[in-house]
Amino acid sequence: MISRAEIPQEFSSHRFFRIYLVSREDLFLFKSVTSIERVRDIEDLIVLVETGLDYEVIIRELENQLSKDDSLRSLIPMTIHQLDLLMEQIGTVKGLIHLMEYLIGRD
């Protein structure tokens, strides 16, 4: 996740601190595993999907996290539910279908 974070141009030359922005893929992942059907979170997920996501990055990060902590598998059903809600709102998106298939295979 650290390697995907970006430093906004307006903060890149500051001497005393660095501000990093989480990648859109990681933000999508955070929101999809931690949200409990909050309308605002679903809206955020829709915006993220509309900006274009690299779903392979999301899947690789899921693989990475699951390989380190098997207890995270308990988040998979909730994430599948979130993706169902998301696709109800925006329809099917090829990347979301791919992500859903991956999660179902891990469940």
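The values are calculated or read from the model by the stated rules, or taken from the named source; none is laboratory data. If you're wondering where the values come from, they're calculated on a predicted model, not measured in any experiment. Glycine also receives a Cβ, built like all others from the backbone with ideal geometry; neighbour counts cover every protein chain displayed. We work out accessible area using only protein heavy atoms, side chains counted, and drop any ligands, DNA or RNA first. Shrake-Rupley method; radii C 1.70, N 1.55, O 1.52, S 1.80 Å.
List of remarks:
- Test: residue in segment 90-101 that is of a type in the set (S, T, N, Q) and either closer than 24 Å to Arg4 by Cα or in a helix (DSSP H, G or I) (or both): no
- Taken over segment 60-79, residues that are closer than 25 Å to Val39 by Cβ, more than 12 Å from the chain's Cα centre (by Cα) and not hydroxyl-bearing (Ser, Thr, Tyr) amount to 4.
- Looking across segment 1-15, the residues that are at pLDDT below 85 and open to solvent by 90 Å² or more (accessible area, probe 1.4 Å) come down to Ile2, Gln9, Glu10, Ser13, Arg15.
- The sole residue among Leu29, Leu83, Leu66, Leu62 that is modelled with pLDDT under 90, surrounded by 13 or more Cβ atoms within 10 Å (Cβ to Cβ) and assigned to a helix (DSSP H, G or I) is Leu66.
- Residue-level check: of (1) open to solvent by less than 20 Å² (accessible area, probe 1.4 Å); (2) within 23 Å of Asp107 (Cα to Cα); (3) not hydrophobic (A, V, I, L, M, F, W, C), Ser23 misses just (2).
- Which listed residue is among the basic types (Lys, Arg), within 11 Å of the chain's Cα centre (by Cα) and over 16 Å from Leu103 (Cα atoms), from Arg38, Arg24, Arg4, Arg18: Arg24
- Residue check for Val57: open to solvent by less than 30 Å² (accessible area, probe 1.4 Å) and under 13 Å from the mean Cα position of the chain (by Cα): yes
- Inclusion of Leu86 among residues that are touching a Lys or Arg at 6+ places or on another chain (Cβ under 7 Å) and aliphatic (A, V, I, L, M) is not warranted.
- Residues in segment 32-46 that are surrounded by 11 or more Cβ atoms within 10 Å (Cβ to Cβ), free of Cβ contacts under 8 Å to residues at least 24 places away in the same chain and not acidic (Asp, Glu): Thr34, Arg38.
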